[in-house]
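All remarks here apply to the structure that follows.
The values are calculated or read from the model by the stated rules, or taken from the named source; none is laboratory data. This one's a predicted model, so the numbers in the text were calculated from it and none came from an experiment. Cβ: placed from backbone, ideal geometry, glycine included. Neighbour counts: every protein chain shown.
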Amino acid sequence: MGLLIISVVMGGNLVIDHRRLESNEKELLQLQTQVVQKVLDENLAALDATLRDIGEHAFDEGSQTDLDHRLTLLTMALSGVRTLTIMDAAGVIRASNRAELLGINASQRDYYRALASSTDPNLLYVSPPSKTSLGTYTIILSRRMTGKNGEFTGIVNAALDPAYFAPLLSSVLYAPDMWAALVHADGTVFMILPENTDVVGVNLAKPGTLFKRHLESGLQANVFSDNVYLTGEYRFLALRTITPSNISMSSPLIIGISRDVETVFTEWRSTAILQIIFLAGVILSSSLLLGGFQRRQRANERELAQASHALVERNRFIRTVTDNIPGLVAYWNSDLRCEYANKAYLEWFGRTDEQMRGITIQELFGNTLFVKNEPYIRAALRGEPQVFERTLTKADGTAGHTLARYIPDVENGKTLGFYVLVSDVTELKNTQAELEQRIQELDLLATTDALTGIANRRRFLERTREEIARCKRYGTSLIFLMMDVDHFKTVNDTYGHDAGDRLLKMLATTMKDTLRVTDMVGRLGGEEFGALLIEDTSESADAVARRLHEALRNACILTETGQEICFTVSMGLAEFEEGVDSAEELMRRADTALYHAKRTGRDRICWHGECQTQVQPSPGS
């Protein structure tokens with residue numbers, strides 16, 4: 001009876017130990033997949049934000065060379081990103097860090113068709129793994145670019161190298177018999193560590209596979225103990241679907257971490273054998289039982305110590321990653337107390353890690369900033385992701401422009417807190433402001449005559465077209481006045497080009513002073529000038545032309561030697577009427593009238609179709 005009791009106790013002990021080891025191992029594998037998920041959630045969120053930022057400013061950054069250079073710099077800064085490309089709405093690659101890709105039409109690619117037809121502006125398309133020309137596999141992340149009215153304007157792509165994920169997967173392998181794999185939702189194996197080229201690219205979406213059972217379960221995480229399709233071995237396999245709550249992904253990624261069952265229970269089997277031997281000898285049974293129990297206890301302590309060490313290492317890894325990303329990262333619980341802040345976050349607010357731990361968000365922000373951010377904070381605690389811009393004052397007193405994201409931490413429908421991801425966009429904002437100023441300056445140079453400061457021929461004709469369109473739409477009137485300085489060549493030949501330039505400047509000034517503010521004046525070339533008399537009748541326009549003609553008769557200039565130069569002008573006018581279809585036609589009519597005024601004696605005003613002697617010729621004209 002005593003031996004029976006001992007046997008029952010020992011057998012029960014073995015069963016309990018077996019279950020405990022299995023439970024502990026499955027929990028530890030689940031913990032590793034959870035660590036991978038959290039890090040990938042943050043990395044994918046940061047990469048998604050980078051692609052969004054590239055897409056929003058893709059074609060307002062200056063020249064093609066500048067854009068390609070920027071993509072090259074981003075590729076160097078983003079670990080594991082092999083290629084960055086920007087394609088237009090037709091699928092043609094317009095910018096890339098790899099010059100050989102420029103001009104390639106990718107409109108037949110799956111990601112182009114998916115994003116071009118998508119109505120979700122925030123969709124992050126995750127392509128199935130594909131084999132490159134170098135024999136490695138890559139995953140392409142793509143975001144849709146939209147215009148101001150939500151129209152599809154193109155796609156920005158990032159091709160990921162397995163090296164992007166390798167450090168993370170390697171960090172969760174705490175035993176030699178383990179492997180970790182990253183799989184696309186379509187079942188294709190993207191990468192596996194330790195490396196095994198025979199299984200990379202294999203599709204796991206087969207009926208009855210553990211991968212298929214995981215997807216069909218509808219759960220985010222599962223742990224199995226069964227034969228694994230990849231190797232045919234009986235193993236523990238933890239699978240977790242990675243779908244960041246703040247990203248609209250077309251397809252999730254699945255992380256799988258596995259251990260060999262036989263290896264896990266090696267020590268347990270040794271203990272069982274010892275206990276069987278113990279039962280074979282009554283005399284040594286107590287000693288063997290005690291020794292086995294003590295060995296098990298020590299093993300448990302070692303496992304707990306290893307698990308604790310692994311947890312510490314995971315936390316260190318997360319801290320290292322977040323301290324080296326270009327942005328501020330923090331976590332606030334539902335009581336609005338800080339549980340985590342990376343190095344950049346501490347430096348921004350001028351706090352130490354000890355000062356930040358447990359501090360309330362209102363104490364850190366101060367009342368003024370807290371009141372500004374409170375609506376976003378409350379919305380995040382309701383489970384609503386928030387994105388907004390804010391200008392903040394750093395600890396050193398300088399101002400910085402930021403793009404902030406509040407990402408709710410939701411579990412089983414309850415918001416536990418929220419993550420904070422803040423990007424410093426000060427340099428981008430400053431560059432944008434400088435670019436807008438440069439554009440305004442270029443626009444002014446492109447539309448203004450350098451000598452006179454009035455509109456050049458291009459701008460004048462653009463305005464003429466606008467006014468013709470308005471006349472057609474509303475039935476208003478428009479008069480085109482064209483003017484030429486009489487004998488201008490004689491002025492240049494006699495007094496020099498400097499005198500001629502001063503004459504043209506004075507003529508432009510007189511035109512602006514004489515005509516209404518609503519009228520348009522411009523230099524059409526050489527000594528030819530034009531004016532648009534907007535909403536003027538032919539009678540009032542005729543009076544304006546006479547007044548201007550007389551003002552210019554009396555507008556003499558002095559040369560550098562004190563000689564007075566007086567001059568006359570000839571004018572031709574044409575009225576917009578039915579049959580005039582373009583600005584060029586209206587100007588041609590005014591030019592014909594001007595030509596007639598020149599041919600019939602100069603110093604005259606002629607209308608298209610008639611030319612009466614409306615002014616008295618000056619002496620010597």
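A few remarks follow.
- Residues that are out of contact with any Lys or Arg (no Cβ under 9 Å at 6 or more places or on another chain), without any contact (Cβ under 8 Å) to a residue 60 or more places away in the chain and crowded, with 17+ Cβ neighbours inside 10 Å, drawn from the stretch 75-96: I93, S96
- Subset of the stretch 423-449 (residues that are within 28 Å of L51 (Cβ to Cβ) and not charged (D, E, K, R)): S423, V425, T426, L428, N430, T431, Q432, A433, L435, Q437, I439
- Matching option when the condition is outside any helix (DSSP H, G or I), modelled with pLDDT of 75 or more and of a type in the set (S, T, N, Q), among S251, S270: S251
- Between A163, A158, A180, the distinction of being surrounded by fewer than 16 Cβ atoms within 10 Å (Cβ to Cβ) and of a type in the set (A, V, I, L, M, F, W, C) belongs to A163 only.
Residue-wise test of (1) surrounded by fewer than 18 Cβ atoms within 10 Å (Cβ to Cβ); (2) closer than 26 Å to E27 by Cα.
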| site | (1), (2) |
| --- | --- |
| T243 | yes, yes |
| I247 | no, no |
| S251 | yes, no |
| G256 | no, yes |
| V264 | no, yes |
| S270 | yes, yes |
| L279 | yes, no |
| L284 | yes, no |
| L289 | no, no |
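- In the stretch 135-148, the condition of being surrounded by fewer than 15 Cβ atoms within 10 Å (Cβ to Cβ) and closer than 19 Å to Q32 by Cα is met by no residue.
- Annotation: of all residues in the stretch 579-597 being under 50 Å from the mean Cα position of the chain (by Cα) and touching a residue at least 40 places away in the same chain (Cβ under 8 Å), the one that is farthest from A469 (Cα to Cα) is M587.
- Residue in the stretch 483-498 that is polar (S, T, N, Q) and closer than 22 Å to R458 by Cβ present: no
- Across the stretch 113-140, the number of residues qualifying as outside any loop (DSSP other than H, G, I, E, B), more than 18 Å from V189 (Cβ to Cβ) and touching a strand residue (DSSP E or B) at 6+ places or on another chain (Cβ under 6 Å) comes to 6.
- Per-region count, the stretch 577-601, residues farther than 15 Å from E462 by Cα and either part of a helix (DSSP H, G or I) or at pLDDT 95 or above (or both): 12
- Qualifying residue in the stretch 37-47 (condition: closer than 29 Å to S117 by Cβ, aliphatic (A, V, I, L, M) and in contact with an Asp or Glu (Cβ under 8 Å, 6 or more places away or on another chain)): no
- Subset of the stretch 545-585 that is surrounded by fewer than 17 Cβ atoms within 10 Å (Cβ to Cβ) and hydroxyl-bearing (S, T, Y) - its residue that is nearest to G500 (Cα to Cα): T559
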